[in-house]
Structure formats: C-alpha cells, structure tokens
Amino acid sequence: MGALLMLLSAAQRPGPEPAVLQYPKNWPAPRYDFSRNPLTREGIELGRRLFYDPVLSRDSTLSCAGCHLSFTAFAHVDHALSHGIQDRIGTRNAPALANLAWAQAFMWDGAIQHLDFQALAPISSPTEMDHSIQKIVEKLNASPRYPALFEAAFGTRKATGERVLKAMAQFELTLISAGSKYDRMMAGTDTFSRQEQNGYAIFQKNCASCHAEPFFTNFSFEKNGLPLDTMLRDYGRMRITQNPADSLRFKVPTLRNIEFSYPYMHDGRFRKLRDVVNHYAQTTALDRPLELSANEKTDLVAFLLTLTDRAFLFNPDFSFPKE
Amino acid sequence: MKHLVLCLKYAGLILLCFPAESQNIISLNLGPFYKSEKIALGESLSTPDSLTLHQLRFYLGHFTFYQNNAAILEDKNYHLFDLEEASTLNLTFNLPQNATFDSLAFNLGVDSLTTASGAMGGDLDPTQGMFWTWQSGYINVKMEGFSKKCPARNGEFQFHLGGYLPPYAANQRVELKTGGNSENLLLTLDLAPFFEQVNWVDKHNVMSPGAEAVRLSGILAKSFAIHAQ
C-alpha cells in the first residue's frame with residue numbers, strides 16, 4: 001500500500017512543462033523524432049543556457065554562440081572561416097541555424113545525421129572548442145547551478161552526455177524562422193513590390209530547384225559550380241561517402257535570413273549577395289546556365305532580402321539567457 | 001506493471017506472485033582469446049610478434065535466444081564490453097519460465113536504426129568515448145595495442161571499427177548454435193584470425209568508416225564461439 005501511495009504522489013509531482021513547436025500550417029511535419037526527446041520548457045531553457053555557456057570549451061572562453069550569434073541568424077558574421085579558441089582557424093564557414101527540426105543532415109558535407117549528435121563535433125574539434133563531452137559532463141555535475149536545471153528538465157540532478165545533447169537539441173529545434181516578408185506574402189498578409197515579385201519569378205525559375213521553398217533548401221548535396229579552393233582542398237560530400245561522384249557537392253544551405261549570414265558559401269568566399277548572384281550568372285558548371293541582366297540581378301537580390309525575419313533575429317527567447 | 005496490478009487484485013494470493021520461482025536466468029560470460037591463450041591487457045602473448053593489447057572495447061547487443069528457430073527472448077539493449085572492467089564481461093538474461101533455447105544471435109556493433117535515433121544513455125552515452133564526433137556514428141570496436149609486425153611508431157596499432165551508413169555499415173549479426181540449454185554460457189572471441197588477416201603494411205590504423213572497417217568487422221563476427229558451461 002505504501003508503495004502505491006508513493007507511486008501516486010510521484011505522478012502528481014509537477015514535471016517539466018511540455019512545449020509545442022509553432023510553425024506555419026502549410027509546412028510539412030518536422031523530421032526530428034520528438035517522441036525520443038519530448039520538448040519541454042525546462043529542457044529548452046537548459047539547452048539555451050548550455051548553448052550560451054563557454055563552459056563547453058576547454059579554456060572556458062567560447063560558447064556555441066561565439067560562432068552562432070542570434071542577431072546574425074546564428075551565423076558567424078565577417079568570418080569566412082570559423083574562429084575557435086585561442087584564435088585557431090577552422091576550415092569552414094559557420095552556417096546560419098534555422099528550422100533545424102526539418103533538416104535531414106548537418107554540416108556542409110552532411111557528416112552528422114542527427115541533430116542530437118551535432119554538438120559533439122564543435123565540442124571536440126581542436127580548432128573549435130577543443131574539449132570533450134566527458135569533461136563537460138564532469139564540469140556540469142560539479143557546478144553550483146546546473147544540477148537544479150537538470151532536475152527541472154529531466155527529473156534528475158545528474159548530467160549525462162545524453163541529457164546534455166538532448167537539451168541542446170531542444171533549444172536548437174525551437175529556432176524556427178517563418179516570419180519574413182516572404183512568409184507574410186505566402187500567408188496573404190503582405191504584398192511584394194514589383195521588384196521583389198520579379199525577383200521571386202527569377203528565383204523560382206533559376207534557384208528553387210535546389211533552394212526549394214519553404215525551407216529554401218531541398219536538403220540534398222549539390223554542385224553549384226564553385227571551383228575548388230586549392231588551399232583548403234575541401235571536396236565536400238565525398239569525404240563522407242568516399243564516392244567520386246560526390247566530389248565538390250555541398251549541402252544546399254537555407255537562404256532564410258541570407259541578408260545577415262554573410263560571408264557566403266562553405267568557405268565564406270563571397271562577401272556580398274551581389275557576388276553570389278554574379279557567380280551564378282557567370283558559372284558554366286551548372287546544368288542550365290543562367291542569363292541574368294543587371295536589372296534581373298538587382299531584382300533577385302531584392303527578393304532574397306524578403307527572407308529576412310526580424311522577429312527571428314531579435315526573438316528574446318533565442319538570445320543570451322537572463323539570470 | 002501487469003504483474004503489479006495482478007498482485008494487488010489478488011492480494012490474498014500475493015505469495016503466488018512472488019517471483020523467485022519464475023526465474024530462468026542465463027548468465028553469459030565473455031572471454032577474448034588468441035587461439036587457446038587467454039588475452040589480458042598489457043601482457044604480451046606468446047606470438048612471434050609479441051602481440052599485446054592495450055585496449056579492447058566493443059558493443060554487443062540485440063541478443064535474441066531461439067528454440068527451433070522461434071525467438072523466445074529478444075533484448076534490444078546494447079552492452080559495452082571493456083576488457084579493462086571485469087564487471088562488463090558478464091551479462092544476464094531473464095528468459096521466460098521453463099523456456100529452453102538451442103541458439104542465439106546478437107549484433108557486433110550498433111545497428112543503423114539505433115544510431116539514427118539520436119542521443120542515448122547508459123552504455124550508449126557518448127561520454128563512453130565510443131562515438132565519433134566529426135562524423136556521427138558509434139565506434140563498434142576499439143582495439144589498440146602493439147605488434148612487432150606493425151610498422152607504425154613504437155609498433156602501435158589502432159583499430160576503431162564502425163560506420164553505419166551503406167555501403168560501409170560495419171555492424172554484423174552473429175548467430176551461434178548453443179547445442180542445447182545451459183544456465184551458464186561462455187562466449188569466446190578468438191582474435192587470431194583477425195590479426196592474421198590485418199594488412200600490416202598500410203592498414204594498421206583504421207579510424208574511420210570504410211571498406212577496411214567492414215572487412216575487419218566481418219572477420220571478428222566469424223570469430224565468436226559459444227560454450228555451454
């Protein structure tokens with residue numbers, strides 16, 4: 001009988017509060033399997049703290065946000081190649097983070113297949129945080145603040161690798177960008193200028209096969225005609241599949257908030273959207289060469305700017321956690 | 001849960017629900033060998049190349065026990081065997097009452113579906129150091145040591161075998177006839193075929209998924225044997 005009472009009182013103890021992702025009705029269901037990691041308010045909050053906490057790096061100087069800043073679409077503005085602890089330079093550009101619940105693979109070459117595991121890569125990379133999940137878990141368990149946060153999120157004060165990764169994934173899953181002018185247009189609550197409308201038509205004709213709506217990526221690995229950088233010698237997807245047909249294929253990046261996620265491409269080789277558009281207009285490496293007049297280029301860029309989502313960039317739930 | 005409800009319902013018969021009688025526990029011990037020589041970490045074997053293992057860790061899981069090809073117990077968990085920690089070398093399974101078995105099967109390495117399911121705890125927690133961070137996937141087998149045949153610095157070799165994406169999915173299903181029922185099983189792994197087939201010239205450091213990892217995993221999978229004790 002006593003055991004039964006204990007069971008009942010355990011059931012009544014308030015657990016973490018379930019949270020639900022909000023996204024437009026016409027979007028498909030997320031790909032992330034929430035049944036294995038149910039979103040909760042406390043889990044998201046813990047993940048956010050971890051995302052902003054330099055405790056994740058070996059010398060406690062660099063957090064995830066150091067390279068993924070909310071105000072710049074979670075990209076690393078101005079840095080062509082990412083910058084790790086002690087000014088160590090990586091080999092790739094930090095991508096913008098948005099709508100990760102729908103992504104199928106992570107990193108420019110798709111090296112990571114599941115969002116939960118993604119954080120292990122920067123944590124362990126010598127040119128990024130140069131730490132290990134084992135040591136981080138030790139640090140968190142010894143910290144004065146974290147055990148209570150783990151208890152709130154997972155019902156136990158003990159941090160484990162699984163819980164750290166799941167909490168970080170929870171926070172990242174909430175990074176949904178669906179409030180741009182483009183989205184309002186689609187919902188019928190805003191209108192494009194003539195220039196934007198024209199740019200949209202050019203985009204649909206020339207770009208949407210890879211940068212497919214509404215995520216502005218078809219989630220696949222494509223060649224967009226960039227020549228190999230002979231210093232970096234980054235062959236993209238081939239590193240993972242070891243298949244020569246995948247040489248120079250990179251994951252099609254989202255174009256949401258593209259205004260803020262410069263510099264562009266896996267190695268940050270272009271500083272301006274105009275440079276990107278010029279590349280596509282010049283390259284002979286695409287199946288279908290694009291012929292864009294100067295005006296069309298301007299219109300195309302005007303359309304790309306409608307993908308800026310200020311509500312996302314300045315969402316207080318995404319920024320540095322207040323104490 | 002069902003048992004609990006039953007016990008409460010028939011409170012008068014509670015003693016009948018007491019589990020002691022209903023247990024059918026199988027204990028499985030794991031032992032790595034080189035031919036008939038038992039392997040201990042840090043001790044060189046009596047092979048001409050003074051083969052010595054410094055680390056031997058691997059995942060076995062999804063154990064299934066069969067009687068006449070019908071599964072009588074399927075356990076989807078994974079276990080990390082670590083020669084350095086004696087407690088990890090024993091496993092127990094709770095079979096249905098009176099059930100008998102004549103064969104069993106298990107995975108060497110973590111299957112693709114499990115890997116693709118996201119972060120896991122316990123033996124599969126990434127803090128176990130058996131997970132590749134730069135390219136997701138478990139390291140199914142970590143074997144490190146020394147051989148005079150190994151041309152690397154200090155004769156040190158490292159085999160980190162894993163990978164879960166086709167065409168280089170490395171995990172293997174192992175099926176063994178137990179030849180009858182037994183409460184105590186000894187599962188042996190003979191590393192001689194593996195070390196005889198290592199390509200010492202240029203494949204003594206296998207640290208990423210690929211054809212060599214798959215080949216070597218296949219050799220290991222064929223080197224298990226089961227003995228009723």
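Quick rundown of the values:
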{"read-out": "Exercise: per-residue mean of other protein chain Cβ atoms within 10 Å, A:113-119", "value": "6"}
{"read-out": "Within 10 Å of each Cβ in B:129-140, the average number of Cβ atoms from other chains", "value": "5"}
{"read-out": "Most positive-pole-ward Cα, A:S247, A:L56, A:L304, against dipole of chain A from beta carbon charges", "value": "A:L56"}
{"read-out": "Relative compactness, segment A:38-194, computed as alpha-carbon Rg over 2.2 N^0.38 Å", "value": "1.13"}
{"read-out": "Convex hull (Cα only) mean projected area of segment B:2-228, reported in nm² to one decimal", "value": "14.6"}
{"read-out": "B:H227 accessible area, 1.4 Å probe, all protein chains in place, Å² to nearest 10", "value": "80"}
{"read-out": "Solution diffusion estimate, µm²/s, Stokes-Einstein, segment A:63-155, Kirkwood Rh from C-alpha pairs, 10 °C, viscosity 1.306 mPa s", "value": "108"}
{"read-out": "In segment A:217-255, trypsin sites (Lys or Arg not before Pro) in a DSSP loop with at most 13 other beta-carbon atoms within 10 Å", "value": "A:R233"}
{"read-out": "Per-residue ³J(HN,Hα) for segment A:254-261, Karplus 6.51 cos²θ - 1.76 cosθ + 1.60, θ = phi - 60°, Hz, x for Gly and Pro", "value": "5, 10, 5, 6, 4, 4, 9, 9"}
{"read-out": "Largest-first ordering by accessible area, 1.4 Å probe, given options A:L81, A:L100", "value": "A:L81, A:L100"}
{"read-out": "Spherically averaged projected area in nm², based on the convex hull that wraps the Cα atoms of chain A", "value": "19.3"}
{"read-out": "B:N181 long-range amide H proximity, modeled H, under 5 Å", "value": "B:F101"}
{"read-out": "Shielding by other protein chains, A:162-171, mean Cβ within 10 Å", "value": "3"}
{"read-out": "Heavy atoms of A:D78 accessible to a 1.4 Å probe, total area in Å² rounded to 10", "value": "90"}
{"read-out": "Dipole in debye (nearest 20) - the protein assembly as shown, about Cα centre, beta carbon charges: Lys, Arg +1; Asp, Glu -1", "value": "680"}
{"read-out": "Segment A:196-228-segment B:178-212 distance, computed between alpha-carbon centres (Å)", "value": "48"}
{"read-out": "Trypsin sites (Lys or Arg not before Pro) within segment B:105-188: DSSP coil, no more than 15 neighbouring Cβ in 10 Å", "value": "B:K148"}
{"read-out": "Relative contact order, percent, chain A [alpha-carbon distance under 8 Å, six or more residues apart]", "value": "21"}
{"read-out": "29 Å Cα-Cα reach of B:K142 towards lysines, excluding residues that sit fewer than 8 places from it in its own chain", "value": "A:K135, A:K139, A:K158, A:K166, B:K35, B:K38, B:K76, B:K177, B:K203, B:K222"}
{"read-out": "Within segment B:111-199, chymotrypsin sites (Phe, Trp or Tyr not before Pro) in DSSP loop having at most 12 other beta-carbon neighbours inside 10 Å", "value": "none"}
{"read-out": "Cα-Cα P(r), the protein assembly as shown, percent of pairs per 10 Å interval", "value": "3, 15, 22, 23, 18, 11, 6, 2, 0"}
{"read-out": "Whole-Hz ³J(HN,Hα) from phi, Karplus 6.51 cos²θ - 1.76 cosθ + 1.60, for segment B:136-153, glycine and proline x", "value": "5, x, 6, 7, 5, 9, 10, 9, 10, x, 10, 8, 5, 6, 7, x, 6, 3"}
{"read-out": "Options A:T191, A:L120, A:G90, ranked by Cα towards positive dipole end of chain A, top entry (Cβ charges)", "value": "A:L120"}
{"read-out": "Equivalent ellipsoid dimensions for segment A:15-97 as semi-axes, Å, which come from the Cα gyration tensor, largest first", "value": "29, 18, 10"}
{"read-out": "Over chain B: helical MRE at 222 nm, DSSP H runs n ≥ 4 each giving -39500 (n - 2.57), nearest 500", "value": "-3500 deg cm²/dmol"}
{"read-out": "Cα-centre dipole for segment B:17-135 with unit charges at Cβ (Lys and Arg positive, Asp and Glu negative), debye to 20", "value": "120"}
{"read-out": "Size of electric dipole in chain A: Cβ of Lys, Arg +1 and of Asp, Glu -1, about Cα centre, debye, nearest 20", "value": "280"}
{"read-out": "Surface per residue (accessible, 1.4 Å probe) for the protein assembly as shown, Å²", "value": "48"}
{"read-out": "Using alpha-carbon coordinates, inclination of helix B:211-221 to the longest axis of chain B, degrees", "value": "50"}
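The values are calculated or read from the model by the stated rules, or taken from the named source; none is laboratory data. Note that the structure is predicted; figures quoted are calculated from it, not measured. All Cβ positions, even for glycine, are placed from backbone atoms using ideal geometry, and neighbour counts span all protein chains on display. These accessible areas exclude ligands, DNA and RNA; they are computed on the full protein's heavy atoms, side chains included. Shrake-Rupley method; radii C 1.70, N 1.55, O 1.52, S 1.80 Å.
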